[in-house]
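Heads up, the thing below is written out as structure tokens.
The values are calculated or read from the model by the stated rules, or taken from the named source; none is laboratory data. Everything numeric in this text was worked out from a predicted model, so none of it was measured. Every residue, glycine as well, gets a Cβ built from its backbone with ideal geometry; the counts of neighbours run over all protein chains shown.
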Amino acid sequence: DAMVIQNPRYQVTQFGKPVTLSCSQTLNHNVMYWYQQKSSQAPKLLFHYYDKDFNNEADTPDNFQSRRPNTSFCFLDIRSPGLGDAAMYLCATRASSTDTQYFGPGTRLTVL
Amino acid sequence: AQTVTQSQPEMSVQEAETVTLSCTYDTSENNYYLFWYKQPPSRQMILVIRQEAYKQQNATENRFSVNFQKAAKSFSLKISDSQLGDTAMYFCAFMEGYGGSQGNLIFGKGTKLSVKP
């Protein structure tokens, strides 16, 4: 089945140690999103790619970066994780000709 | 700026009964989409139902239906014949325009629904 895959599902890192989260999709969607979701809160959009064009939300900290080497893959890099960055990170995709986003299962990040 | 408000942080319902989750939104746009997403305890966000603002007819997907009141900017979700598997966090979400290069979702804070046997 076509889907959105996130690896790893659980990631533990140390304070200040760079970490990369991965998202891949078999839907061939040209738009990909990264959301941060803290416990019992709504997802918060960090940034998105429309094809290769990167769109950063105004309040996304510089500590968060992203790469999209091809249509299928998108990475979230946290350069120096702080305790406040512990959250679930959700990847979503959408075909630009449609309106619906499809979400991956998320990666739960723990910062020690 | 668009906002989405879900005024019920938590709700519970008995199995097989009907429950309605509320959502209101604020926008000056005329063209937009509304969604209800479900996030079970396993945390995968799943689309439940969607509504196009230009359509007056309320969307229906099996046991799930919406009451879309455009003038009142209200978009409630009705779940009929509730099942234990409906236990989840439900998010109401808004998307302006027709998607394209943006298509960003604005989420409400969610309603935690518990279905009790």
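Annotations for the structure displayed:
- Those residues of the range A:30-60 which are under 24 Å from B:Gly110 (Cα atoms) and outside any strand (DSSP E or B), in sequence order: A:Lys38, A:Ser39, A:Ser40, A:Gln41, A:Ala42, A:Pro43, A:Glu57, A:Ala58, A:Asp59, A:Thr60
- Filter pass, A:Tyr10 being within 14 Å of chain B (Cβ to nearest Cβ), in contact (Cβ under 8 Å) with a residue 60 or more places away in the chain, surrounded by fewer than 20 Cβ atoms within 10 Å (Cβ to Cβ) and within 25 Å of B:Lys109 (Cα to Cα): yes
- Any pair with Cβ under 8 angstrom, 6 or more apart, that starts in the range B:18-39 at a residue that is away from chain A (no Cβ under 11 Å) and ends at one that is aliphatic (A, V, I, L, M) and surrounded by fewer than 15 Cβ atoms within 10 Å (Cβ to Cβ): B:Thr24/B:Ala72
- Members of the range A:95-109 found to be hydroxyl-bearing (Ser, Thr, Tyr) and either assigned to a strand (DSSP E or B) or without any contact (Cβ under 8 Å) to a residue 60 or more places away in the chain (or both), listed by number: A:Ser97, A:Thr98, A:Thr100, A:Tyr102, A:Thr107
- Among residues of the range A:67-77, those that are part of a strand (DSSP E or B) and surrounded by fewer than 22 Cβ atoms within 10 Å (Cβ to Cβ), counted: 4
- Pairs with Cβ under 8 Å, 6+ apart, first in the range B:48-75 and more than 15 Å from B:Tyr32 (Cβ to Cβ), second of a type in the set (Lys, Arg): B:Val48/B:Lys38; B:Phe64/B:Lys78; B:Ser65/B:Lys78; B:Asn67/B:Lys78
- The condition of being within 30 Å of B:Gln51 (Cβ to Cβ), surrounded by fewer than 16 Cβ atoms within 10 Å (Cβ to Cβ), hydroxyl-bearing (Ser, Thr, Tyr) and more than 14 Å from chain B (Cβ to nearest Cβ) does not hold for A:Thr110.
- If you filter the range B:24-47 down to residues that are of a type in the set (D, E, K, R) and assigned to a loop (DSSP other than H, G, I, E, B), you find that the one that is surrounded by the most Cβ atoms within 10 Å (Cβ to Cβ) is B:Arg43.
- Residue match in the range A:16-30 (condition: closer than 23 Å to A:Leu112 by Cα, loosely packed, with under 12 Cβ neighbours inside 10 Å and modelled with pLDDT of 95 or more): yes
- Qualifying residue in the range B:84-97 (condition: more than 14 Å from chain A (Cβ to nearest Cβ), among the aliphatic types (A, V, I, L, M) and touching a residue at least 24 places away in the same chain (Cβ under 8 Å)): yes
- Single residue of the range B:48-63 satisfying the filter (surrounded by fewer than 16 Cβ atoms within 10 Å (Cβ to Cβ) and within 14 Å of chain A (Cβ to nearest Cβ)) that is farthest from B:Lys78 (Cα to Cα): B:Tyr54
- Residue in the range A:78-91 that is more than 14 Å from chain B (Cβ to nearest Cβ), assigned to a strand (DSSP E or B) and surrounded by fewer than 18 Cβ atoms within 10 Å (Cβ to Cβ) present: no
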